[in-house]
Amino acid sequence: MKELSDYIKVLQENSDLPDKELGLVVASEEANVLLAPRADSVRQEHYGKDVYVRGLIEFTNYCRNNCYYCGIRAGNTQALRYRLTQEEILSCCAEGYDLGFRTFVLQGGEDLHFSDKDICSLVTGIKEKHPDCAVTLSVGEKERASYKAYFDAGADRYLLRHETACDTHYRMLHPESLSLANRKRCLWDLKEIGYQVGSGFMVGSPYQSTENLVADLRFLQELEPDMIGIGPFLSHKDTPFKNQANGSFTQSIRLVSILRLMFPYALIPATTALGTIHPQGREMGIKAGANVVMPNLSPLRVRKLYQLYDNKISTGEESAQCIADLKKRMEGIGYKVVSARGDVKR
Ligand code: 5AD
């Protein structure tokens, strides 16, 4: 076994590739053209041409954490903070439902203003009005008992990226108050409780090595998440990483394909970060093996305020209101946006 195409064949057969060879594929710019069509055919075997949509509601940009990469970190005094009320969130869902969304993703910073009771009541409120919809939470690290309470209230899925699976790298991206061990504890708790779990990482985050990315893939093999979200690191002007280079678009696309080959069953979004770094980023992500897009359903007035990184797209064709355009764009590249919960197919 010497050539890139041999390594990729091993990946496609879903057998194990040693770390070194996996690293070569992860780092190789030539791999993209070989990977994308194979990833696409694996995706079609499992999910056909369907593209699932999730209505993303960014309901608070308050956050107690200080991750060095993130624009809504607590220490960013430039950020204008907002919280949506339960009524506002429910009206986003009502609007989303009429547009055809059958999954709502409640994402926010780690904002303790929302108690566990509040989050449970948000979940129950959505489920009462839209029993045929899935509710996904993405509200960060919590105690197991909190996760259990949200699940019992009706939450179906939970998104929590591990960000990087190497302790030393984790330390370079986060302050002392956060740890990879606790992040992993959260992910295992979520799984055990019965959530469909999503994890993932940033591509090209500062100080990231190829070995780090291989470790990310290995951790995901251990976790076997239902959803895997990745996107390029993009710098934000009011963070300690303001002068760090952005992640690579082509490497992000390459990793989407690698993920599809390694996790054929997974729900893999073409993320907002992919759409921000390249105007056709989301379409290219879909063609390279992704099968989910997450248009923004937040009220227009707050969209620009959920700035995890500079220039985050928010009012153009990625918004939920532009679902008709999204449908056309997906049809234009041979795929079909479907109105369905879009649960994982194991
Ligand atoms: N660039 C790219 N992605 C980012 N995220 C946070 N900050 C950035 C950034 N500067 C990602 C993290 C987080 C998700 C919600 O957004 O991976 O888990």
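For this structure, a couple of remarks:
- Under the criterion of Cα pairs below 8 Å and six or more residues apart, the relative contact order for the chain equals 25 percent.
- Distance in nm between pseudo-label sites at Lys20 and Ala340 (7 Å out along the Cβ direction from Cα): 4.4
- Here the stretch 246-346 is treated with +1 on each Lys and Arg Cβ and -1 on each Asp and Glu Cβ, and its dipole about the Cα centre works out to around 200 debye.
- Packing-based ranking, highest mean first, of 159-172, 113-126 given that Cβ atoms within 10 Å are counted: 159-172, 113-126
- The spacing between the stretch 332-346 and the stretch 183-223, judged by their C-alpha centroids, is 24 Å.
- Among 143-152, 51-60, sorting by the average number of other beta carbon atoms lying within 10 angstrom of each residue, highest first, gives 51-60, 143-152.
- Counting neighbouring Cβ atoms within 10 Å and putting the fewest first, the residues Arg303, Arg157 line up as Arg303, Arg157.
- When the alpha-carbon atoms of the chain are used, the pair Rg, Dmax equals 18.8, 59 angstrom.
- Ranking Ile323, Tyr69, Leu261 by Cα position along the charge dipole of the chain, where only Lys, Arg, Asp and Glu carry charges on their C-beta atoms, puts Ile323 farthest toward the positive end.
- The Cα center of the stretch 47-66 and the Cα center of the stretch 268-300 differ in position by 11 Å.
- Applying a 4.7 Å Cβ-Cβ cutoff to the chain leaves Cys63, Cys92, Cys93, Cys120, Cys133, Cys166, Cys186, Cys322 as cysteine residues with no disulfide-compatible partner.
- Proximal lysines relative to Lys148, as straight alpha-carbon distance under 29 Å, when same-chain residues fewer than 8 apart are discounted: Lys117, Lys127, Lys129, Lys184, Lys191, Lys345
- Charge dipole (debye, nearest 20) of the chain; +1 at Cβ of Lys and Arg, -1 at Cβ of Asp and Glu: 440
- Largest mean-square fluctuation among Thr271, Thr85, Thr103, in a Gaussian network model of the chain whose springs join Cα atoms under 10 Å apart, belongs to Thr85.
- Reach of Lys9 by Cα under 21 Å, taken over lysines that are not fewer than 8 positions away in the same chain: Lys20, Lys287
Each value in this text was obtained by applying a stated rule to the coordinates, not by laboratory testing. All of these numbers come straight from a predicted model, not from anything done at the bench. With ideal geometry, Cβ positions are generated from the backbone for all residues, glycine too; neighbour counts draw on all protein chains shown.
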